[in-house]
Amino acid sequence: MGKNEMDRRTFLKMGGLLATGAVVAPGSQLLIARAAGSSGAEGDKQYAMVIDLDRCNGDCDNECEAACREENNVPIYGDERYDAYWLRMAEAKQHLPGAPDRRIPLLCMHCEDPPCVHVCVTKASFVRKEDGIVLIDEHLCIGCRYCVIACPYRARSMIFRKWEDAKNEQMGFSVNPDQPELMIGVASKCHFCTHLIEKGEDPACVQKCPNDAFVFGLASDPDSEVAQMIATGRTEVLRPVLEVEPNVHYMGL
Amino acid sequence: MAKYYFATIRGKSAGYYAAVTALAVVASFWLIGSIVRFLMGYYITGMSHSVTWSADKVIFVLFVGLSAGSLLISGLAAIFGQTQFKVLSRVAAFNSILFMVGALLILISSWGRPDRIFLPFYNINPRSLLSLNAFIYSTYITVGILYLWALIKQNDKVARALGITAVVTAIFVHSGTGFIFGIINARELFFSPITPLAFVVAALSSGTALAMLVLYFSFKFTNRQIDRRFFEFLSRVMLGLIFVVAFLVTIEHLTHLYVPEGQHAESFVMRNGGFYTFVFWVQFYLVGAIIPIVILLNKGTRNRIGWILVASACHVVGVLGERILFILPGQVLAIPLMPGYELTSPFLDGVNVSYYPRLVEWAQIIGIFGLLALIYMLAIRILPLLPVQADYIAPAAAHAEEEATEEEEEAAEEPEGAGPAPAEEEE
């Protein structure tokens, strides 16, 4: 029995150590990232967007939503359950009587501390170091859907069906031949129209909004319009308590 | 030390062949379902953009849990000095590997891209628990296989060391699996430091319960004897674990009630969640905890094998309910993107979505049970897992015998296939 007693103790010790290790290993990575400031852009560039909700007054046909779909070939199938959206327009009803209804475009917030990137099994989700945009390498995604669960903003759409089954054209959305079809079975989301930014243009939603509610630019450049709007202190982010440091700010939230 | 004789089953009866054929058909449902799902895409499942971890994830965590309980029985001898369990350690070790393999099969076949199965091994994200789990799970299976091999080769020293390693790895596996869910702070019902702990304990209790059922029916259908005291012992262990599970789940939900956002989420689970409310009160508390506790405390029922098996079955069903609550309501419930507002959008913001498994998911789930049963049936025919007769030799008695027959035992060879020929066998 004495032998067993000792083994039990060794067992508990080993178990305790290993369990601690299991907790500490991934956690410590986050601590290190936090100590280094943030896990966002490492260079001096950081893109951001400000959406002025007072200008987003419903005086339109949701051009932002359609522009996003047409620019990036985001598939729509005609089933609410699995239609993909990179940007969607949500209606917000206030509980107070008589208060006007609001509208709010929701998209990927390009967080500086993104939970989706932290949980990604294969590093398919990552923050682009040069400019802080959160991207997905769809060739690395295994479709485990952990990021979809972890995203606090529901910004991610899994691609539920083949592109051939998408009804974009039947439903009146043009198809952009310059952008690839989205791969089936992987996660997808807004990438701030990276291909347009690289040409020096604004993202599609920013360009197509008839009321100029979207402002896009470099938050890291103090002279940019975005930086100055954020500097007024009148912009807010969604779910600020989570401290994921989103780069999509709302004015008049 | 007491000597045990292990033997494969003969497996020549018509009943055996019929059962194997039937199970092979059922197992093919999993394969067909998985292939169809991979080729067609997620849309043929009941998933939506809100509920992306669906019924297969529930089965995944259930299986990971069941694996633990089996290993516990196997480890009782190696770690806790309950040497009478040595006789069952082979079949228990085998089942723990089996359930883990089943868990991984159902996990990988639920991916959108199961063709990229090896990616997680060379594209590692050290921040992601699921990424680390790829290594933890494969270590667990490897250690388990080595352990089983040492048991079959009757290399006691190696088996003991590997048994301890396996149980330690199991702690890793089960807390790691609990952590996958516990660290999601975006969703009210997920984020909790208790989750890993509750996961481990529910794993042990449900695993013990299922192991009792598997053992009982394995011995019954192979016409072999197993001492009833094994069930009495294990049912006591299970009773204690059920109390702890119920306690942990209760305090987890009670804690949520003290946060406004949590109250909203908990009222969904406890009061107006429809199916989930039923699962919470009836499946988990009534069937999973109260009924087994009453059976196992009542003097008239607690030592009757029939009742112990009923309690075990109830508890497995209850833990299945706990796993459902663990995974689904947190996703079904709308995320409070803008507190104070009622959101509506074409992307189902602000809506509590409904989820139910569709045909392909049912095929995968029923099929994976068939597949595991099939592998088990084939394994007990190929490997000497089941003892010819499972006697309950208490540690003290075994110890005395060990000293008496120490030298004799060294030379003892395992008479494989010997012993009374087991006659008919079925499932």
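Observations, loosely collected:
- CD proxy at 222 nm, helix term only [per DSSP H run n ≥ 4: -39500 (n - 2.57); per residue of chain B; nearest 500]: -21500 deg cm²/dmol
- Entries of B:Lys12/B:Lys220; B:Lys86/B:Lys153; A:Lys129/A:Lys208; A:Lys123/B:Lys57 with Cα pairs more than 23 Å apart: A:Lys129/A:Lys208
- Note on chain B: GNM, Cα springs under 10 Å; of B:Ser13, B:Ser50, B:Ser74, the largest mean-square fluctuation is that of B:Ser13.
- Full extension of the segment from B:Asp156 to B:Arg358, taken as 0.36 nm per residue of separation minus the current Cα-Cα distance, would add 67.9 nm.
- Table column - 3J(HN,Hα) (Hz), the stretch A:169-184, Karplus curve with 6.51, -1.76, 1.60, x for Gly and Pro: 6, 4, 8, x, 9, 6, 10, 8, x, 7, 9, x, 6, 7, 6, 6
- For the stretch B:340-373, backbone nitrogen atoms closer than 19 Å to the point 7 Å from B:Ser28 Cα along Cα-to-C-beta are found at B:360-373.
- For the stretch A:143-192 versus the stretch B:195-274, the inter-centroid distance based on Cα atoms is 39 Å.
- Near A:Arg128, the amide H atoms lying under 5 Å from its own belong to A:Ile133, A:Val134, A:Leu135; only residues 5 or more places off or on other chains count, and H is placed 1.01 Å from N.
- Other-chain or far-sequence residues with amide H under 5 Å of A:Glu236's (modelled H): A:Tyr250, A:Met251, A:Gly252, A:Leu253
- Highest GNM mean-square fluctuation among B:Ser67, B:Ser128, B:Ser34, for chain B modelled with Cα contacts below 10 Å: B:Ser128.
- B:Val282 versus B:Ser138: modelled label distance in nm, points set 7 Å from Cα along the beta carbon direction: 4.4
- Selected from A:Gly143, A:Leu242, A:Phe126, residue furthest toward positive end of dipole (the stretch A:113-253; charges at beta carbon): A:Gly143
- Chain B - charge dipole about Cα centre, Lys and Arg +1 at Cβ, Asp and Glu -1, debye rounded to 20: 760
- Estimated FRET transfer efficiency when R0 is 41 angstrom, pair B:Phe275-B:Ile305 (beta carbons, to 0.05): 0.75
- For B:Ser110, distant residues with modelled amide H under 5 Å away: none
Just so you know, all these numbers are worked out from the coordinates, no wet-lab data involved. Predicted model only: the values in this text are computed from it and were never measured. Note that each Cβ is placed from the backbone with ideal geometry, even for glycine, and that neighbours are counted across all protein chains shown.
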